[in-house]
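Trainee: Structure provided below as structure tokens; questions to follow.
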Amino acid sequence: MKKKESCIFCRIARGEIPCYKVYEDNFVIAFLDVNPASRGHTLVVPKEHCSDFTTCPKDLLDHCFEVAQAIAQAQIAQLGATGVNVLTNVGASAGQSVLHFHIHVIPSYREPILGLKGTNLQIEDKEMLLLQDEIKKAI
Ligand code: AMP
Ligand code: ZN
């Protein structure tokens, strides 16, 4: 079976698998995550298959983030969220389990749901300068 035929988010986009849909247009569908990190945790998914954030065509990427912004605003206005985490995982080592690009829009309610605090990674100035250079020259 071809990847797009078996891909779970392609199947949701085609209406073959049910979901708690909150938004749909010609290019994007958004639905509640079945294993939510918080009440209202929503996934924004392009209908066209692409593997992740790094491979999504720019126009489609822009549109996905526009929809993610509208969903975050709705979570604040209607669900009473006091904050929102917007994130997208790229690759297994970043925790990506569904290999069809999606944006998590995760409302929080007074307490942080996610955070980068506590990593405690110390990097010396020399290596920070190297990292800065490596990323700069590859853009
Ligand atoms: P990631 O780990 O970034 O690839 O996120 C994939 C997310 O998709 C997880 O949070 C899952 O709970 C969610 N998920 C997987 N299958 C479904 C489904 N059928 N409907 C809704 N959410 C799903
Ligand atoms: Zn797919």
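Trainee: If you count, for each residue, the other Cβ atoms within 10 Å and average over each peptide, how do 52-65, 28-41 line up from highest to lowest?
Mentor: 28-41, 52-65
Trainee: Relative to the longest principal axis of the chain, what angle (0 to 90°, nearest 10) does the C-alpha long axis of helix 58-79 take?
Mentor: Compared with the principal axis, the helix lies near 80 degrees.
Trainee: Long-range amide H contacts for Tyr109: which residues qualify at under 5 Å (H placed 1.01 Å from N, peptide plane, sequence gap of 5 or more or a different chain)?
Mentor: Close amide H contacts, sequence-distant or interchain: Thr82.
Trainee: Within the accessible area of the chain, what % is carbon and sulfur when the probe is 1.4 Å and the other protein chains stay in place?
Mentor: On the way: 5360 of 9540 Å².
The computed percentage sits at 56.
Trainee: If you count, for each residue, the other Cβ atoms within 10 Å and average over each peptide, how do 115-126, 73-84 line up from highest to lowest?
Mentor: Top of the packing list down: 73-84, 115-126.
Trainee: Please work out the average accessible area per residue across region 56-107, using the 1.4 Å probe convention, and give it in Å².
Mentor: Heavy-atom accessible area per residue stands at 50 Å².
Trainee: Report, to the nearest 10°, how far helix 125-138 tilts away from the longest principal axis of the Cα atoms in the chain, using its own Cα long axis and a range of 0 to 90°.
Mentor: Helix 125-138 sits at roughly 50 degrees to that axis.
Trainee: Along the principal axes of its C-alpha atoms, what lengths does the chain span, in descending order and rounded to whole Å?
Mentor: Extents along the principal axes: 52, 41, 25 Å.
Trainee: Now, a different point. Along the charge dipole of the chain, pointing to its positive end and built from +1/-1 on Cβ of Lys, Arg, Asp and Glu, which listed residue (Phe65, Gly118, Gly15) has its Cα farthest out?
Mentor: Final value for the positive-end residue is Gly15.
The values are calculated or read from the model by the stated rules, or taken from the named source; none is laboratory data. Everything numeric here is computed off the predicted structure, so don't read it as measured data. Because the Cβ atoms are built from the backbone with ideal geometry, glycine has one as well, and the counts that use them run over all protein chains shown. Keep in mind that these areas ignore ligands, DNA and RNA; they rest on the heavy atoms of the full protein, side chains included. Shrake-Rupley method; radii C 1.70, N 1.55, O 1.52, S 1.80 Å.
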